[in-house]
Amino acid sequence: MIEVAIVAVKSAVLLFILLTACAYMTLLERRLLGKFQVRHGPNRVGPFGLLQPLADGLKLVFKESFMPAHVDVIVYWLAPAISMIAALFVYAVIPFGPEVTLFGQRVPLRLADVNVGILLVLATSSVGVYGIILGGWSSNNKYSLLGSLRSSAQLISYELALGLAVISVVLTAGSLSLVRIVEAQRHVWFVALQPLGFLIFLIAAVAETNRAPFDLPEAEQELIAGYQTEYGGFKFAMFYIGEYVAIVTMSALATTLFWGGWWGPLLPGLIWFVFKTLAFVFFFIWLRATLPRVRHDQLMALGWKFLIPLGLLNLVVTAVIVVLRQS
């Protein structure tokens, strides 16, 4: 019962932290974009604008929920929930730090250590695209449908490159467990052993989260707003919770797979993990402020003609090196 209670408390705390972090990521992004573009971000609601996410959340909760005619009602409501839940579910297996002592109990800073954790992460992240596809299809809007079709093509293409980069890490660590992968980086982080794999993972992660310069499913110049055009109020917020949680997820995975997870000098492991994750979140925002949106054919060409062949090459070289070391 104590173990069940600990897992339940950790789940509740983690859910609260993730939703709060998602809300304040919107503030962080708007303030950073303001700095990049030499203008002010939101700074009126509360000291330094710190209550702006709360104001935005209240506005979305109390906003009128309008539903277009001739929609598939069940799928229309289900789509944003799928996007949000799939993004949150990944954190069940991501390790945030080593074990700590709490009330005389050794408590690991993770919900579960699954021996096929990385497969669970890839499977869950691939489910998130269903929310986007179903949202565009059920809206009875041609622009929304085009945005969801773009997203399905984009995510299917870049999941292959992402998977190849992850498999190279799995071969290097010799385990599918995220905890074992982090422990294998105690002396050497995998970014030093897998620089090409890290580059492929980083580009594919930007495409997987539909972020600029790969935000083709939301191209407002062509598709009004993409798959979420017909969504408003809290349903609209659920899509964006899913997107921002996915950004934090990819940042946490990059930290776990390539940058040593919780390993670092002097400071506690949890602080190192949070610091590295925030550095990647800053990188996502920096890309949005710097690079223009690419064309859809350029996006597909980058994935199929460059990233996937490079991922296969990196995987073969990694496998050969691992076999030679073992023999």
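Test residue 33 against the criterion of being within 19 Å of residue 247 (Cβ to Cβ), touching a residue at least 40 places away in the same chain (Cβ under 8 Å) and either assigned to a helix (DSSP H, G or I) or out of contact with any strand residue (DSSP E or B) (no Cβ under 8 Å at 6 or more places or on another chain) (or both), and give yes or no.
Values: within 19 Å of residue 247 (Cβ to Cβ): yes; touching a residue at least 40 places away in the same chain (Cβ under 8 Å): yes; either assigned to a helix (DSSP H, G or I) or out of contact with any strand residue (DSSP E or B) (no Cβ under 8 Å at 6 or more places or on another chain) (or both): yes.
So residue 33 fits the description; yes.
Answer yes or no as to whether residue 264 is at pLDDT below 85 and more than 18 Å from the chain's Cα centre (by Cα). It would help to see each step written out before you state the result.
On the way: at pLDDT below 85: no; more than 18 Å from the chain's Cα centre (by Cα): yes.
When the stated conditions are applied, residue 264 does not pass them.
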### Query
What do you reckon, is residue 158 in contact (Cβ under 8 Å) with a residue 40 or more places away in the chain, of a type outside the set (Gly, Ala, Ser), surrounded by 24 or more Cβ atoms within 10 Å (Cβ to Cβ) and touching a helix residue (DSSP H, G or I) at 6+ places or on another chain (Cβ under 7 Å)?
yes
### Task
Please go through the stretch 266-289 and pick out each residue that is within 14 Å of residue 94 (Cβ to Cβ) and not aromatic (Phe, Trp, Tyr).
269, 270, 274, 276, 277
### Task
State yes or no: is residue 278 surrounded by 15 or more Cβ atoms within 10 Å (Cβ to Cβ) and in contact (Cβ under 8 Å) with a residue 40 or more places away in the chain?
no
### Message
On the basis of being within 20 Å of residue 108 (Cα to Cα), in contact with an Asp or Glu (Cβ under 8 Å, 6 or more places away or on another chain) and in a helix (DSSP H, G or I), does residue 274 make the cut?
### Response
no
### Query
What about residue 90, is it hydrophobic (A, V, I, L, M, F, W, C), in a helix (DSSP H, G or I) and closer than 30 Å to residue 184 by Cβ?
yes
### Task
Please tell me if residue 148 is polar (S, T, N, Q), within 20 Å of the chain's Cα centre (by Cα) and surrounded by fewer than 19 Cβ atoms within 10 Å (Cβ to Cβ).
no
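Mind listing whichever residues of the stretch 284-312 are part of a helix (DSSP H, G or I) and free of Cβ contacts under 8 Å to residues at least 60 places away in the same chain? Lay out the reasoning, then the answer.
From the stretch 284-312, those part of a helix (DSSP H, G or I) are 284-290, 296-312; that's our starting set.
The answer is 297, 298, 301, 305, 306, 309.
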### Query
Is there a residue being touching a residue at least 12 places away in the same chain (Cβ under 8 Å), out of contact with any strand residue (DSSP E or B) (no Cβ under 9 Å at 6 or more places or on another chain), charged (D, E, K, R) and part of a helix (DSSP H, G or I) anywhere in the stretch 41-59?
yes
### Summary
residue 138: passes all of (1) of a type in the set (S, T, N, Q); (2) at pLDDT 85 or above; (3) closer than 19 Å to residue 14 by Cβ but (3)
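For the stretch 87-110, give me each residue that is farther than 19 Å from residue 254 by Cβ and either polar (S, T, N, Q) or out of contact with any Phe, Trp or Tyr (no Cβ under 7 Å at 6 or more places or on another chain) (or both). Spell out the reasoning first.
As a first pass, look at the stretch 87-110 and keep what is farther than 19 Å from residue 254 by Cβ: 98-108.
Listed by number, the residues that qualify are 99, 100, 101, 102, 103, 104, 105, 106, 107, 108.
Can you go through 81, 69 and tell me which one is within 23 Å of residue 134 (Cβ to Cβ), of a type outside the set (Asp, Glu) and part of a helix (DSSP H, G or I)? Working first, answer last.
Numbers: 69 fails: part of a helix (DSSP H, G or I).
Checking each option against the conditions leaves just 81.
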### Task
Output the residues belonging to the stretch 91-128 that are crowded, with 19+ Cβ neighbours inside 10 Å and over 20 Å from residue 272 (Cα atoms).
117, 118, 121, 124, 125, 128
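The values are calculated or read from the model by the stated rules, or taken from the named source; none is laboratory data. Bear in mind the structure is a predicted one, so any value in this text is a computation, not a measurement. Positions of Cβ are generated from backbone atoms using ideal geometry, with glycine treated the same way; all protein chains shown enter the neighbour counts.
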